[in-house]
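Scroll down for the structure; my scribbles are underneath it.
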Amino acid sequence: MKEPLRISVIGTGSISEFHLNAYAANPAAQIVAICDVNGKRAQAVADKYGADKTFTDYRDLLADPAIDAVSICTWNNTHAPISIAALDAGKHVLVEKPLCRTVEEALAIEEAVHRSGKLLQVGFVRRYDPNVRMLQRFIDAGEFGDLYYAKASTLRRLGNPGGWFSDVERSGGGPLIDIGVHVIDLCWYLMGRPKATTVSANTYRRLGNRSNIDNLSFYKAADYDASKNTVEDLANAIIRFENGASLMVDVSFTLHAKKDEGLVRLYGDKGGFEIDPEIAIVTEKHDTILNVVPQTDSSRLDIHAAFQNEIDHFVDCVSNGLTPISPVEDGVAIMRILRAIYESAEKGEEIRL
């Protein structure tokens with residue numbers, strides 16, 4: 001049997017727990033080190049998951065030859081420098097979405113992947129959801145025909161957690177780059193990764209962190225400060241692709257909506273399907289339109305299963321020299337779309353990629 005892949009997790013914020021639990025459940029992986037700028041927190045996580053080493057500086061961690069691969073679960077503004085340093089240190093990398101903040105950073109990461117010969121997998125976790133995997137088989141079999149239109153929404157009415165999420169220097173943007181990236185990538189992936197040609201978009205900053213609202217409990221970052229908010233509340237866009245397909249998307253942290261809402265719908269010339277809020281297939285048989293509800297373990301996104309599949313795939317790719325289904329090139333392509341949305345909104349005009 002092969003020796004387990006020796007893993008370190010960099011950053012111990014809330015998202016890291018999904019990585020840590022998934023690695024702990026994979027017999028081909030071993031968590032050997034934890035890194036966080038807060039040494040006490042790093043030690044607590046190391047004790048919980050049986051890691052022998054802790055670090056407060058990722059550079060010290062990357063100098064350790066006993067580490068094979070890293071999961072990067074830090075602020076967006078650190079994704080590029082840590083990813084590049086890890087690759088150059090000979091480590092394989094799983095980096096949380098978004099890949100980084102800018103196209104320039106994305107290209108520098110891609111160059112480091114090619115230079116180092118190491119693997120980098122982007123944490124587009126929705127690709128790994130069991131229902132998405134099931135739908136991909138339908139797509140590959142031509143059941144939906146040509147997928148030419150998609151709609152996606154992730155609307156929160158009171159969801160800006162503040163802290164680094166509301167600081168454009170650390171995050172690179174607001175709901176678009178934080179939660180919108182999930183549904184944009186998911187639609188683009190299922191549509192066959194067509195080349196984006198134009199983007200027309202809007203962003204709005206009207207409601208801020210909503211600190212005036214009483215009697216509601218919602219997630220707040222540890223350094224929440226309602227006076228510090230430099231990201232958008234809402235973004236919407238129409239994205240056109242080289243093959244004639246299009247994607248319409250809107251996403252918010254904060255909006256005067258009746259309730260939070262999430263939907264992902266894709267339409268083809270032979271059928272269509274919905275992923276959010278629940279899985280459903282629309283098709284035609286014998287000149288009759290049918291609404292089909294697949295029998296699966298869950299009709300909704302199973303985030304724990306998705307992360308487990310993502311981590312298992314990363315470990316398998318590193319251990320067996322495989323190419324991940326969310327490679328660095330896809331991270332670059334999505335970053336081009338995200339930045340074009342922000343550029344279109346800023347200039348008030350359509351952007352050609």
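Bear in mind these aren't lab numbers, they're just calculated from the coordinates by the rules spelled out. Worth saying up front: this structure is predicted, and the values here are computed from it rather than measured. No Cβ is skipped: glycine too gets one built from the backbone with ideal geometry, and neighbour counts run over all protein chains shown.
General observations
- Dipole-positive endmost among V103, Y189, V113 within segment 66-212 (Cβ charges, Cα centre): Y189
- Potential lengthening of the chain between Y224 and I238 amounts to 1.8 nm, from the contour at 0.36 nm per residue minus the alpha-carbon distance.
- Dividing the C-alpha radius of gyration of segment 243-353 by 2.2 N^0.38 Å, with N its residue count, gives 1.41.
- Computed per residue of the chain from DSSP H runs no shorter than four, each worth -39500 (n - 2.57), the mean residue ellipticity at 222 nm is -10000 deg cm²/dmol.
- GNM top mover of N243, N26, N212 - the chain, alpha-carbon springs below 10 Å: N212
- Taking chymotrypsin sites (Phe, Trp or Tyr not before Pro) across segment 217-304, the ones in a DSSP loop with at most 15 further Cβ atoms lying within 10 angstrom of their Cβ are F218, Y219.
- Cleavage-rule hits (trypsin sites (Lys or Arg not before Pro)) in segment 1-100: DSSP loop, at most 16 neighbouring Cβ within 10 angstrom: K2
- Members of K151/K270; K151/K259; K2/K118; K97/K118; K220/K347 lying beyond 21 Å, as alpha-carbon distances in this model show: K220/K347
- Full-extension gain in nm, D302 to V103, via 0.36 nm per residue minus C-alpha separation: 68.6 nm
- Using only side-chain charges placed at the Cβ, +1 for Lys and Arg and -1 for Asp and Glu, the dipole size of segment 203-316 relative to its Cα centre rounds to 560 debye.
- Spacing of the two label points (7 Å from each Cα toward its C-beta) at E17 and D287, in nm: 5.6 nm
- Neighbour counting of Cβ atoms within 10 Å sorts the residues C35, C187, C100, C317, fewest neighbours leading, into C317, C187, C100, C35.
- Calculated SAXS-style log₁₀ I(q)/I(0) at q = 0.20, 0.23 Å⁻¹ - segment 110-183, Debye, Cα scatterers: -1.04, -1.08
- Cα-based shape type of segment 174-288, given that a ≥ b ≥ c are square roots of the gyration tensor eigenvalues and the cut on a/c is 1.5: prolate
- Between the entries [x] 16.6; [y] 17.6; [z] 19.2, the label attached to mean projected area of the Cα convex hull in nm² calculated for this structure is [z].
- Span-like helix check, the chain: qualifying full DSSP H segments, with Cα axial length of 27 Å or more and mean Kyte-Doolittle of 0.0 or more, are 328-347.
- Proxy reagent accessibility, fewest Cβ within 10 Å first, across E274, E232: E274, E232
- If the chain linking K258 and D60 were pulled fully straight, counting 0.36 nm for each residue of separation and taking away their Cα-Cα distance, it would gain 66.4 nm.
- Fraction of beta bridges assigned by DSSP in the chain that are antiparallel (%, nearest 5): 60 percent
- With neighbours defined as other Cβ atoms within 10 Å of a residue's Cβ, the residues H286, H313 order from fewest to most as H286, H313.
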